[in-house]
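Throughout, read-outs are computed from the coordinates displayed, never taken from laboratory work. Please read these numbers as outputs of a predicted model, since none were measured by experiment. Positions of Cβ are backbone-derived with ideal geometry, glycine not excepted, and every protein chain shown enters the neighbour counts.
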Amino acid sequence: MHFTRVVSTAACIITSAHALSFPSFDIPSINLPSIKLFTRQSSCPAVWSSVSADLTSAFVTNGECNDLARATLRLAFHDMGTFSLSAPFTAPAGGGADGSLLLNDDEMTRPENNNDPVKNSRAFLLTLQTKHSVGAADLVAFAASTAVASCPGGPLVRTVVGRRDSSAAAAPRLLPPGFGAGADHDAILALFRDKGFSPSELSALMGAHSVARSFDQPQLPRGAPLDSSIGKFDVKYYEEMLAASPPAGVGRLDSDVNLSKPGTTVGDQFKR
């Protein structure tokens, strides 16, 4: 996991009428340079209640999470997923959850970000940042937690605010491809081990595709869902990935197929 230097911290609880509790995962011990943490506030700053209301209103349609919620989860992963244990830690941040995807235009020219869903989510979040005068890194993390809770079945996530923003572009080529070179099981597992993920945690992270669509993969129809219950967080994604073929209208990324194969390190986690 990745921690940046902070000015102050406070824990905020995302609330949802249809969120469920999921088990937590072990956090590996990671050696980082000395980081000064100030006293945590006793309660979540009031501004985040207003942010939460705006996010929830935008993320829920007919009782389920919508495309903006899905796009925001994707944007958050693309901001946070650039963390690497092998990369140098450079203050005020070292890649990862630093808000650089909102603050650095160059990152938006990369293929994984240069698409309508990520662009739309970024524009929405930048508008909220201006409206509420909150940090970019905190807003991305808080929005991701709210997007998860907006989906029926999504877990409630305690979100700590107080991150230090960085406008420096994250290092490139630290996100997994859906197809082609680098989409094989071993390459993706190595990529996520370098981020501090165990095989079981990577398998759990893939569950985000329960509410995902494909928008920039030429191998799949535009907007193809990766799960037959696209508006809910459930375990159908895992069941459908283990089936011989996907349900009608559901797409599959080669990366997901490769990671879910029985007998592989990550694939063997799918039935646990």
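The table for this structure:
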{"item": "Computed label-point distance, nm, for sites A181 and Q219 using a 7 Å Cα→Cβ extension", "result": "1.5"}
{"item": "Nitroxide proxy distance, nm - points 7 Å out along Cα→Cβ at A171 and L85", "result": "1.4"}
{"item": "Region 214-258-region 125-184 distance, computed between alpha-carbon centres (Å)", "result": "22"}
{"item": "Computed over region 48-150: relative contact order in percent, which uses C-alpha pairs under 8 Å that are six or more apart", "result": "39"}
{"item": "Binned Cα-Cα distance frequencies in region 65-129 - 5 Å width, integer %", "result": "4, 18, 28, 25, 15, 8, 3, 1"}
{"item": "Computed Rg/Rh of region 185-269, alpha carbon atoms with Kirkwood Rh", "result": "0.95"}
{"item": "Separation of the L126 and T109 label points, Cα + 7 Å toward Cβ, nm", "result": "1.5"}
{"item": "Qualifying lysines (Cα of each under 21 Å from Cα of K261; at least 8 residues distant if same chain)", "result": "K236, K271"}
